[in-house]
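Participant: Would you mind keeping the following structure in view while I ask a few things?
The values are calculated or read from the model by the stated rules, or taken from the named source; none is laboratory data. Please read these numbers as outputs of a predicted model, since none were measured by experiment. Positions of Cβ are backbone-derived with ideal geometry, glycine not excepted, and every protein chain shown enters the neighbour counts.
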Amino acid sequence: MVLGTEKKGATSFAAFEAQPGSGDIVIIGAGLAGLFTALKLAPLPVTVIAAAPLGEGASSMWAQGGIAAAVGEGDSTDKHAADTIEAGGGIVDTAVAKIVAHEGPDRIRDLLTYGVPFDRDLEGHYILSKEAAHSEKRVVRVSGDRAGAAIMQALIAAVRATPSIRVLEGYEADDLISSNGRVEGVRLIRAEPLGGGSFVFVPASAVVLATGGVGALFALTTNPSYAKGEAIAMAARAGAVIADPEFVQFHPTAIDAGIDPAPLATEALRGEGAILVNSDGHRFMLDIDPRGELAPRDIVARTVHNELLAGRSVYLDCRESIGAHFEAEFPTVWSHCQRAGIDPTKELIPVAPAEHYHMGGIATDVRGRTSLVGLWAVGEVASTGLHGANRLASNSLLEAVVFGARVAADIRSGLQGIRIGHIVEPRRVSPPLPVDMAIRDKLMSELRNVMTTYVGVERSAKGLRTALLRLKELEAVSEDDTVLANMILTARLIAMAALFRRESRGGHYRVDYPETNPALAQRTFMTIDDLEMVEPIATPPPLEIAPAACHP
């Protein structure tokens, strides 16, 4: 494992040459990144693999705040890039930040052509909001907090209307198939209740991973249950370089109502003046940072976490700042509150930090290429260097569309002359080994508890070594369950990188190394071989945490 830029191919990404007739372009994942990439590849033949019906399993669907882009008066792409670099804790790839910021306005226009109804005033100007660490109002929204759902609905309609895109719903990627040093296809699993119960192999001329994040590895998360981080493990097993896995962003204001996944109270609420108070009625954020509730997310999340550890409940107070306009301006959060039995116009909203976004992932270059020939990654599963140690609010949707377009352009450049039309069909290769779902659920619950307890908002060497030992024990009893095995491998990569980063930076906070070390202002690059670099502690303490809680 290396902190720096010369790591096992991390800066020398795989070349790509077309293999005519070897298969469709296969995109694993049907969130914003996957669908946008598919649309940009048209009319080349694309097969999109969706674990759930389109729109039901994607984190993009749940994005509330919006998509950041420098489209407002007085703003500029240079300012946006500078804010991104500032928020990223000293390890943002500045070239990537400039690319994403400068190409952002064009991608907003692309989304408009696909029918996304961004909020505008009577003169046609975008209605923009300001979120934490942005120097300008630049978050483009839809119906207040419905940006993710609106964008996804528009793209789903466009995909359904594009003949060159085939969608296979109800399949999950199980493994990458490689031969002669290149990725040549994917192995899928279709669950028995969906009419499958067997492995399926799909050959591919190119494979794009767009599977989202790692939220389901943690006990409290805002991500859908499909965000298990499996693609990171599949790529790592195939030999891919993984970058910055230790950097996990915890959203400070998940609604703490015992719902899994936890509903999100968007940061835009705080942008409109909502404040955080504890059970004593004290507005505690001003004691920590002059920016108060609009301090960077890692600071807010850690402060909320410590309030909860001290036995004080934390609430979001929207009564004066938003009040009677809540339902009209933030309909998604309103519905979440109603589901939890809360009237935010009159009552405080209980909140807690929840895993929200993974800044790390499969290392890619500016074209979205991984270190493996024939494999690209885009969206949250990728680590482009844009987010550094701490993602700037609402930059994730922007990264997905900017790199979706770049991945499509790169693949298109290598596939000129490939015939149009689907040239392969999935073929069954073998039945999967039977999985005891009760055992899987039990082991998955323990995995999520381990990650939240020892690899969560605050970390220590002792806790991380404990986590590594627990995960190794879980791995030993889950070898026949590929889903669980992939989740555990990704969790081990996160914990190992966190153990080796002996400092605090962005979303990674070490209580035993609370200061940022300027000498470590470098990215992490690692492979699966690095997991054997250290032995965890011999006897871990007993595990004590309730699955859906993050405070006593």
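Participant: Checking V96 against (1) under 30 Å from Q522 (Cβ atoms); (2) part of a loop (DSSP other than H, G, I, E, B), which single condition isn't satisfied?
Facilitator: It is condition (2) that V96 fails.
Participant: Which number in (1) under 22 Å from E246 (Cα atoms); (2) surrounded by fewer than 23 Cβ atoms within 10 Å (Cβ to Cβ); (3) not assigned by TED's automatic domain parsing to the domain that holds R120 marks the one condition that D365 misses?
Facilitator: If we test D365 against (1) under 22 Å from E246 (Cα atoms); (2) surrounded by fewer than 23 Cβ atoms within 10 Å (Cβ to Cβ); (3) not assigned by TED's automatic domain parsing to the domain that holds R120, just (3) comes out false.
Participant: Sticking with this one: Residues of the stretch 243-302 being within 28 Å of R492 (Cβ to Cβ) and basic (K, R), which ones?
Facilitator: Correct list: R297, R302.
Participant: Of all residues in the stretch 312-328, how many are touching a residue at least 24 places away in the same chain (Cβ under 8 Å) and either of a type in the set (K, R) or surrounded by fewer than 18 Cβ atoms within 10 Å (Cβ to Cβ) (or both)?
Facilitator: Number satisfying all stated conditions: 6.
Participant: Look at the stretch 251-278 and say how many of its residues are aliphatic (A, V, I, L, M) and more than 13 Å from H336 (Cβ to Cβ).
Facilitator: Number satisfying all stated conditions: 5.
Participant: Residue by residue through the stretch 361-385, note down the ones that are in contact with a Gly (Cβ under 9 Å, 6 or more places away or on another chain) and part of a strand (DSSP E or B).
Facilitator: Result: G361, A363, V373, W376, A377, A382, S383.
Participant: Going through the stretch 432-458 one residue at a time, which ones are modelled with pLDDT of 95 or more, aliphatic (A, V, I, L, M) and farther than 15 Å from E479 by Cα?
Facilitator: V450, M451, V455, V457, listed by residue number.
Participant: Looking only at the stretch 50-77, how many residues end up being out of contact with any Gly (no Cβ under 7 Å at 6 or more places or on another chain), surrounded by fewer than 24 Cβ atoms within 10 Å (Cβ to Cβ) and either of a type in the set (A, V, I, L, M, F, W, C) or at pLDDT below 90 (or both)?
Facilitator: Result for the stretch 50-77: 7.
Table: residues versus (1) hydroxyl-bearing (S, T, Y); (2) surrounded by 18 or more Cβ atoms within 10 Å (Cβ to Cβ); (3) under 20 Å from the mean Cα position of the chain (by Cα); (4) in the same structural domain as A231 (by TED's automatic domain parsing).
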| site | (1), (2), (3), (4) |
| --- | --- |
| S478 | yes, yes, no, no |
| L489 | no, yes, yes, no |
| R492 | no, yes, yes, no |
| A495 | no, yes, yes, no |
| A498 | no, yes, yes, no |
| G506 | no, yes, yes, no |
| Y509 | yes, yes, yes, no |
| Y513 | yes, yes, no, no |
| P518 | no, no, no, no |
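Participant: Here is a further query. Surrounded by 20 or more Cβ atoms within 10 Å (Cβ to Cβ), among the small types (G, A, S) and outside any loop (DSSP other than H, G, I, E, B) - does that describe any residue in the stretch 215-226? Quick ask: steps written out before the conclusion?
Facilitator: Going through the stretch 215-226, the residues surrounded by 20 or more Cβ atoms within 10 Å (Cβ to Cβ) turn out to be 215-224, 226.
Now drop any that are not among the small types (G, A, S), which leaves 215-216, 219.
From what is left, the residues that are outside any loop (DSSP other than H, G, I, E, B) are 215-216.
Yes.
Participant: Let me ask you something else. R270 - would you say it is modelled with pLDDT under 95, of a type in the set (K, R), in contact with a Ser or Thr (Cβ under 9 Å, 6 or more places away or on another chain) and buried (at least 21 other Cβ atoms within 10 Å of the Cβ)?
Facilitator: In short, yes.
Participant: Also, quick follow-up: Keeping to the stretch 215-240, report how many residues are closer than 23 Å to G185 by Cα and in contact with a Lys or Arg (Cβ under 8 Å, 6 or more places away or on another chain).
Facilitator: Taking the stretch 215-240 first, the residues closer than 23 Å to G185 by Cα are 226-240.
Now narrow it down to the ones that are in contact with a Lys or Arg (Cβ under 8 Å, 6 or more places away or on another chain): none.
Of the residues in that region, 0 qualify.
Participant: Exactly one of (1) touching a helix residue (DSSP H, G or I) at 6+ places or on another chain (Cβ under 7 Å); (2) more than 14 Å from D75 (Cα to Cα) is unmet by G124. Its number?
Facilitator: Tallying (1) touching a helix residue (DSSP H, G or I) at 6+ places or on another chain (Cβ under 7 Å); (2) more than 14 Å from D75 (Cα to Cα), G124 fails exactly one: (1).
Participant: Among the residues of the stretch 147-174, which ones are touching a Phe, Trp or Tyr at 6+ places or on another chain (Cβ under 9 Å) and closer than 14 Å to V202 by Cβ?
Facilitator: E172, D174
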